[in-house]
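Structure, as structure tokens:
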Amino acid sequence: MNTILQRLFKSKSATGIGQGLAIRQARLTVCIALFIGFLLVLIQMVLDYQNEKTSINLQLQQILESSSPAAAESLWTLSTDLANGVAEGLLSHPLIVEAKIETITGTTLSHQSRPIEPEASLVEFSFLFGTPRVEVIPLLYKGVTVGRLKLKVDPLLARQELLKRFFIILVAGLVKACILAGALGTVFYITLTRPFQQYANWVEQINPNDPEDWQQAPPTRRQHDELTIFAESIFQRFVQARVYFLELKKTRSELKVLNQELEERVLTRTYELKIALDRAEHLATTDMLTGIPNRRSFMIQAEKRHAEWLRHGRPYALLMMDLDKFKQINDTYGHPAGDQVLKIVASSLQQNTRIEDILGRIGGEEFCILLVGVSEVEAITLAERMRTALARLQIVFEGKHIPITASFGLVPPEFLKENFDDVLKNSDQMLYQAKNEGRNRVCLYHNEIRGSSH
């Protein structure tokens, strides 16, 4: 929540918010003012054009009505001076550029005109009042047609005057639009931008890392409008957020303590489980009396070594050993004495085997040793050394000397079988042969000669 509030407070400064809003309002007000001004100017131009057009037509009508009797009289009396006076009077009107008075037979009594130089820029506005035209008015004197009056009407000057007025109207409209934009901008600033900027400054001054600062009330205003309601709503949300934040902070603290306790418990349970697993593994693979690998562990390791011999040709020899007359020891000296003998025998075998060799107790008084990487001669030498060491042991239990010997069955590397059980069976067979031949000896397995003593 703290991160969210920081983003809310620091995403944009209050000054930036106010400036952005003011710029958008200025653009909006200028566009509105220009649109309204343009619309008013357009309406005023259309109305002025219609009024001017009606005025021009009315003026021409009045001129014709006032000039026609004099022109008709000049034709009736054939007075050139009167005709010229009438024509000059007609040319005094800005729209009439040529006046011609002629008889009914086509004889010209007076022809007056004045030069006019049209501006090239005004040609494009010929749609205003139309192009130059010739008006032909019949002249009557005492009810008799005596001739006609031809007037060439060119609305150029009227067009010039109208365009000047249009320009003035346009400039005046732009000025009004600017004034309107300024007024609207001022109103928007006072009613919207300034209050919004005040509220933005209020939000920016709140420290998101200090929940106590979230209780700072918004700026007060005399008007109670939508902005005031909006600010009050934000303030209420800050107060609610503070309550939620403090509750969340408390919950997080409690959860952190619980997590620490849980981690400690998990570590403790994991350690205890590891110890239990190690102990279970030790119990599953170790003979509890002698401390050497039991039958299960020995068979797993021996079969792995046998698989290496099958794949890579790494030789080994298998030696099976059994204590002679061990039952008599138990019967004579008791089972505790027998256990003591087994412990001492296992220790002696460990002392006389190498690190790479595999030793295990596979039965009551039966042991098995896998001699790694030896030849037949080396295997025999190691077996004899073990037998001799056992025979020389001085075992004393409760003050009584207990002599022991052991018989061995050896399968050398040259006579290993593909199946390890067969190798184990041949070694066991040689062990029993050693027993039958008198004990305390090593019998070697051969294909042709089933056994021989050393």
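Here the range 279-373 is treated with +1 on each Lys and Arg Cβ and -1 on each Asp and Glu Cβ, and its dipole about the Cα centre works out to around 280 debye.
Suppose every K and R has +1 on its Cβ and every D and E has -1 on its Cβ; what is the size of the dipole of the chain about the Cα centre, in Debye to the nearest 20?
Working: 51 positive and 51 negative charges, 109 e Å.
In total the dipole reaches around 520 debye.
Put the Cα centre of the range 411-426 next to the Cα centre of the range 218-257 and the gap is 85 Å. Between MET430, ILE43, LEU258, the Cα set farthest toward the positive side of the dipole of the chain (charges on each charged residue's Cβ, about the Cα centre) is that of LEU258.
If each residue's Cβ is checked for other Cβ atoms within 10 Å, how do ILE96, ILE190 rank with the fewest at the top? Before the final figure, lay out each step's value.
On the way: ILE96 22, ILE190 10.
Sorted ascending by nearby Cβ count, the order is ILE190, ILE96.
Taking the number of Cβ atoms within 10 Å of each Cβ as an exposure proxy, the fewest-first ranking of LYS343, LYS142 is LYS142, LYS343.
Show that you can apply the helix-only estimate: for the chain, add -39,500 (n - 2.57) for every DSSP H stretch of four or more residues, divide by all residues, and state [θ] at 222 nm to the nearest 500.
Numbers: 12 runs with 270 residues, N = 454.
About -21000 deg cm²/dmol.
Spatially, the range 348-387 and the range 44-108 are offset by 151 Å when compared through their Cα centroids. Summing Cβ point charges (Lys, Arg +1; Asp, Glu -1) relative to the Cα centre of the range 295-444 gives a dipole of roughly 260 debye. Potential lengthening of the chain between THR285 and GLU204 amounts to 22.0 nm, from the contour at 0.36 nm per residue minus the alpha-carbon distance. Sequence-ordered 3J(HN,Hα) estimates for the range 94-109 from the Karplus curve with 6.51, -1.76 and 1.60 and θ = phi - 60° stand at x, 8, 9, 10, 8, 9, 9, 10, 9, 6, 5, 8, x, 7, 7, 8 Hz, glycine and proline given as x.
Quick one: which of LYS274/LYS343; LYS274/LYS304; LYS304/LYS327; LYS327/LYS435 span more than 24 angstrom between C-alpha atoms? Result: LYS274/LYS343; LYS274/LYS304; LYS304/LYS327 exceed 24 Å. Each of LEU277, GLY291, ALA302 was scored by the projection of its Cα onto the charge dipole of the range 268-319, and the greatest displacement toward the positive side belongs to ALA302; charges sit on the C-beta of Lys, Arg, Asp and Glu. Taking amide H as placed 1.01 Å from N in the peptide plane, the amide H of PHE397 sits under 5 Å from that of ILE402, each at least 5 places away or on another chain.
Ordering PHE420, GLN223, VAL171 by the projection of their Cα atoms onto the charge dipole of the chain, which places +1 on the Cβ of Lys and Arg and -1 on the Cβ of Asp and Glu, puts GLN223 at the extreme positive end. Amide hydrogen proximity for GLY373: with H placed 1.01 Å from N in the peptide plane, the residues at 5 or more positions away or on another chain lying under 5 Å are TYR316, ALA317.
The H on the amide N of LEU139, modeled in the peptide plane, is under 5 Å from the matching H of VAL146, GLY147, ARG148, LEU149, each at least 5 residues off or on a different chain.
We did not get these values from a lab; they are worked out from the coordinates using the rules stated. Treat the numbers as computed from the prediction; the structure is a model and nothing was measured. Note that each Cβ is placed from the backbone with ideal geometry, even for glycine, and that neighbours are counted across all protein chains shown.
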